[in-house]
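Just passing along the structure, written as C-alpha cells.
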Amino acid sequence: MGLQKGNIHQPAKCKKVTKSTPFGSIDNPFNPVALALGSEGTFIARTMDRDPKHMQEMLKRAHQHQGTSFLEIYQNCNIFNDGAFEIFSEKSSKADHTIYLEHGKPLIFGADKNKGILLDGLQPKIVTIGEQYSENDLWIHDETDSTKAFLLAKMFGHNEDANFSQGHLESSMQSIDLVMTQCCKSNWKQSKTKKGLEI
C-alpha cells in the first residue's frame with residue numbers, strides 16, 4: 001500500500017511512534033485480507049517479498065484465477081516500519097511463525113513440523129503433534145470454505161495484541177482519549193507539531 005508524505009502506515013502496530021504519529025498510532029492495524037474477503041474476493045492470498053518462490057506461485061495463481069483476485073505482499077519498509085515482518089522471514093523464527101496453506105492438507109508448522117492448528121468449535125488452537133493430537137485431528141485447509149477463510153484472516157492478521165477470541169478490540173474513542181492524555185502530559189500547546197489538533 002503506497003503512502004504519500006505524512007500518512008500513517010496502516011499495517012503499523014497500534015501506539016507505534018513515528019514522525020507522522022509522534023504520540024503513537026491510534027488506529028488498529030488495517031487487515032487487507034479481511035477487507036478483500038468481505039468484498040467477496042474469490043482468490044485471496046498473502047505472501048512475502050523475501051520468499052520469491054512462493055510469491056511467484058501466488059502471483060501466477062492470482063493472474064490465472066477467473067474472478068476477483070487479491071494478493072497481499074508483506075514487504076519491509078526500512079524507513080517507516082523496518083522489521084515489521086521479520087518474524088515471518090528470518091531463518092531463526094520463520095518456521096515457527098509461518099504456515100504455508102495447501103488445499104486439502106493440514107495446517108502444520110514448526111522447525112520440526114511438530115506443531116499444528118485444530119479447530120475447537122470456531123476457535124483455532126495451536127497443538128503439538130504426537131502428544132495427545134495427531135495429524136488427523138488438525139484443521140484441513142479448504143480453499144472453498146469462506147467461513148474458515150475469515151478465521152485465517154483474523155488469526156494471522158497484523159494485530160498480534162488483539163484477543164479475537166473475546167470479540168473485543170479497543171475502541172477508537174479509547175485510543176483518542178489515550179492520545180489526548182499523552183498530548184496534555186507532554187505540554188502539547190508549546191509543541192511545534194500541534195497544528196491540526198485542538199485541546
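Quick check on Leu35: is it in a helix (DSSP H, G or I), hydrophobic (A, V, I, L, M, F, W, C), touching a strand residue (DSSP E or B) at 6+ places or on another chain (Cβ under 7 Å) and surrounded by fewer than 18 Cβ atoms within 10 Å (Cβ to Cβ)?
no
When residues of the stretch 88-106 are filtered for being exposed (fewer than 14 other Cβ atoms within 10 Å of the Cβ), more than 18 Å from Glu143 (Cα to Cα) and either in contact (Cβ under 8 Å) with a residue 40 or more places away in the chain or touching a strand residue (DSSP E or B) at 6+ places or on another chain (Cβ under 6 Å) (or both), how many remain?
Number of matching residues: 0.
Separate question: Going by what's in this entry, would Ala12 be described as modelled with pLDDT of 90 or more and of a type outside the set (D, E, K, R)?
no
Quickly run through the stretch 60-86 and pick out the residues that are closer than 29 Å to Lys125 by Cα, modelled with pLDDT under 85 and among the hydrophobic types (A, V, I, L, M, F, W, C).
Within the stretch 60-86, Ala84, Phe85 qualify.
For the stretch 55-148, which strands (runs of 3 or more DSSP E) that fit wholly inside it have 3 or more residues that are hydrophobic (A, V, I, L, M, F, W, C)?
So the answer is 69-74, 115-120.
Of (1) modelled with pLDDT of 90 or more; (2) within 24 Å of Glu72 (Cβ to Cβ); (3) surrounded by 10 or more Cβ atoms within 10 Å (Cβ to Cβ), Ala162 satisfies all except one. Which?
Single failed check for Ala162: (1).
Of everything in the stretch 62-87, what is of a type in the set (Gly, Ala, Ser) and closer than 30 Å to Asn136 by Cβ? Give them in sequence order.
If the condition is that a residue be of a type in the set (Gly, Ala, Ser) and closer than 30 Å to Asn136 by Cβ, then no residue fits.
The values are calculated or read from the model by the stated rules, or taken from the named source; none is laboratory data. For clarity, every value in this text was computed on a predicted model and none was experimentally measured. Cβ coordinates were reconstructed from backbone atoms using ideal geometry, including for glycine residues, and neighbour counts include every protein chain displayed.
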